[in-house]
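Taken together, the values in this text are just the output of simple stated rules run on the coordinates, not laboratory data. Fair warning: this is a prediction, and the values are worked out from it, not measured in the lab. Glycine also receives a Cβ, built like all others from the backbone with ideal geometry; neighbour counts cover every protein chain displayed.
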Amino acid sequence: MKGWWGKILHVDLTSRKTREINLDAKMYVEYIGGRGLAARLLWDMVPQGTDPLSPYNALVFANGPLSGLPLPSSGKIQVACKSPLTNGYGDGNLGSMASYHLKRAGYDAVVVTGASKNPVYIYVENNKAEILPAEDLWGMNTYEAEDAIVKRHGKNIGVLLIGPAGENMVRYATIVSQKGRSGGRPGVGAVMGSKKLKALVIKGSMEPPVANPEELRKLSEEAYKSITQSDNYDYWVRQGTMSTIVWSNQNSVLPTMNFREGVWEHYETISGDLMEKLKVERRGCPYCNMQCGNVVNDEIGEKSELDYENVAMLGSNILLPDLKRVAEINKLADMMGVDTISLGSTIGFAMEASEKGLIHERIEWGDYRTIRELTIDISYRRGLGAFLAEGVMRMSRGLGKEAVEFAMHVKGLEISAYNCHTAPGMALAYGTSSIGAHHKDAWIISYEVRTDRFSYSSEKVERLVFLQNIRGGMFESLTTCRLPWVEVGLNLEYYPKLLTAVTGISWSFDDIHTAAQRIYSLIRAFWIREHAGWDRMMDYPPARWFKHPLTKGPFAGAKLDIVKYDEMLSQYYKLRGWDENGIPLRSTLEKLNLSFTIPVLENLVELK
Ligand code: PTT
Ligand code: SF4
């Protein structure tokens, strides 16, 4: 078999045993790799009803067939587990040399189960693995710990690690790499912490399994060239995702005051144009020729790498009008290993709860010192920080019905940085994303704003399913960065061609769409298996967008229509082959070779 190693490494931290598991070719063809492979491994290896922070949860680090190979923006790796934030399927994607090294170390994925009594890290090198003590690393932030690991093992390694937030099992702790790449929003870092696993360190030097290296070289050369020749290339490398601040404000979707509004009069204080003036460096992921990691000096003169989501959630959403200060909080979040989106959302929620007198503590909008203190207290679960470390869904439940309406999450995952009062398609994207409210599966908002933005049309729902299958299905499973396609228009046709060159199996878009449909239905089955009493309400965005209209900007007075949202949701279910409650039909499961889920689901819900 080419394209995959055909085996994964399983490390059990309770027994301290490691073993190789061989997987058959069918598994790879059906699930591709990355997210698809992780979803299948979690279904098989995590017992139903497992507490995500218990030793029974599994933590998956997975490459896809294209990850870490010499082709555009391929240096990405998936991290996945049952999420402690949502109790459902959770994953994230980060750019790291770990992807390059795993591709050369002989495994398609590393799966960690059990839990160690004392802090450890796992060291993998060319088909061998060791569990090593990490008492000295425990307690260090991600920058310090990565430096210490590099000192020990040299620079030629890939490191994925957690900071204090992961160690203290903050429900939205992430996994960090290379001082500024962070992934696993739904608390994948907390699961790593629950296993007392500080880091996964990988060194690989074997020849990666590629069916047709000459064809791969030719296609990659063309694709790299096409990226630099794109009209948007220069602007992209100047601003990266930061150009979205101005775009979002212009289009009334910039999250402002805990998603109350879509415009902010101070948006220029956090804009991409300002970032360009402060920029001191550009960084990126391995094999990328359109690097978007914009580094500025923060409030205290240290380097911080900015992206749109970080800046919107820690800027406009909590009314902090100063890019250098936002940059400092962002850098702190990377050092602590905590997700910036959920951080900005939980702080925004606490500010609103304080304003409404629902909590005793006074937390003023935009109060920099308090925001800074809270970021640290959350990471160490100290004082009020311990409450915020639980995420907005759990915080709101204790505060009553009013608070539930402004708790900005779907299925427990805090919403990423797009206000949807005037974007029904994006609201549906959040409602139906595989991990809770994240934009990665379908960024339909740019299409929506360009076309018929207020419509709840069936065309929009079709577009949404297409985007989910490409972004959440194909890119997350290949696993490579999607931005060459999204931002500089790299032709999508390259991907089946690259996949064919690497695996030696002929792939069409139809094959990729079928695999994506399978992955979405399997992930849905996982959610249903882990949530008793599943119904369509799980796919609703927060009440705020239906009940509390915008009060500012060109669309003041606008809000979502719940009846029309419901119609879109029903159509979405039909396109996926799911019933009126969002449960896959028996015939869908059979058609997609997911019959193994039927006996489990039959015991929980009525399968139609
Ligand atoms: C991603 C989410 C995003 S999406 C951002 S900014 W974005 C936030 N980044 C954080 C950060 O930084 N530090 C931190 N402590 N928390 C953070 N939380 C937020 O996490 C990222 C880029 C970006 S920047 C985006 S859109 C694209 N995302 C991709 C994706 O999801 N899949 C894919 N195949 N390609 C992608 N390319 C782009 O990657 P999560 P990264 Mg990220 C510092 O992890 O959990 O998926 O959440 O990985 O290497 O930092 O690259 O405007
Ligand atoms: Fe990484 Fe940005 Fe390049 Fe994507 S475009 S691979 S996120 S540097």
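Points to keep in mind about this one:
- Cβ-based net charge around E361, under 12 Å, with every Lys or Arg adding one and every Asp or Glu removing one: -4
- Estimated [θ] at 222 nm from DSSP helical runs (n ≥ 4, -39500 (n - 2.57)) normalised by residues in the chain, nearest 500: -11500 deg cm²/dmol
- Trypsin sites (Lys or Arg not before Pro) lying in DSSP loop within the range 495-562, provided at most 15 other Cβ fall within 10 Å: K552
- Compactness of the chain - radius of gyration and Dmax, Cα, Å: 22.3, 66
- Residues whose amide H lies under 5 Å from that of N126, counting only those 5 or more places away or on a different chain, are K203, S205; hydrogens are built 1.01 Å from N in the peptide plane.
- Other residues with beta-carbon under 14 Å from the beta-carbon of W264 carry, at +1 per Lys or Arg and -1 per Asp or Glu, a net charge of -2.
- Under a model in which nothing but the beta-carbon of Lys, Arg (+1) and Asp, Glu (-1) is charged, the chain shows a dipole of about 980 debye around its Cα centre.
- Measuring gaps between exposed loop sites in the chain (GluC sites (Glu not before Pro); DSSP loop; at most 14 other Cβ atoms within 10 Å), the longest gap, sites not included, is 1-134.
- Where trypsin sites (Lys or Arg not before Pro) fall in DSSP loop in the range 308-393, at most 11 other Cβ within 10 Å: R362
- Fraction of beta bridges assigned by DSSP in the chain that are antiparallel (%, nearest 5): 80 percent
- Proportion of all alpha-carbon pairs of the range 287-396 beyond 25 Å (%): 19 percent
- C-alpha center-to-center spacing [the range 594-608, the range 112-159] in angstrom: 40 Å
- Comparing Cα centroids, the range 215-233 and the range 329-399 end up 43 angstrom apart.
- The convex hull around the C-alpha trace of the range 554-605, projected and averaged over every direction, spans 5.2 square nanometres.
- Computed about its Cα centre, the charge dipole of the range 242-410 is approximately 340 debye, with only Lys, Arg, Asp and Glu carrying charge at their Cβ.
- Among residues other than S248 with Cβ under 12 Å from its Cβ, the summed charge is -2 (Lys and Arg +1, Asp and Glu -1).
- Charge dipole of the chain about the Cα centre (unit charges at C-beta), most positive-ward option of W443, Y368, V11: V11
- Looking at the range 130-232, the trypsin sites (Lys or Arg not before Pro) that sit in a DSSP loop and have at most 14 other Cβ atoms within 10 Å of their own Cβ are K155.
- Share of pairwise Cα separations in the range 153-266, more than 24 Å, in percent: 62 percent
- For the range 7-203, DSSP calls about 75 percent of its internal beta bridges antiparallel.
- Space enclosed by the convex hull of the alpha-carbon atoms of the range 499-608, per residue, Å³: 162 Å³
- Evaluated over the range 384-430, the Cα radius of gyration and Dmax, each in Å: 11.9, 36
- Using only Cα coordinates, the Kirkwood hydrodynamic radius of the range 39-117 works out to 13.3 Å.
- Toward the positive end of the charge dipole of the chain, with +1 on the Cβ of Lys and Arg and -1 on the Cβ of Asp and Glu, the farthest Cα among N156, G106, L53 is that of G106.
- Each principal axis of the Cα atoms in the range 7-203 has its own extent, and those three values, largest first, are 43, 40, 29 angstrom.
- Cβ-derived FRET efficiency at R0 30 Å, N212 paired with T451, nearest 0.05: 0.15
- With Cα atoms defining each centre, the range 526-561 and the range 1-34 are spaced 38 Å apart in the structure.
- Charge-dipole axis of the range 7-203 as Lys and Arg at +1 and Asp and Glu at -1 on Cβ define it, positive-most pick from N168, I202, N22: I202
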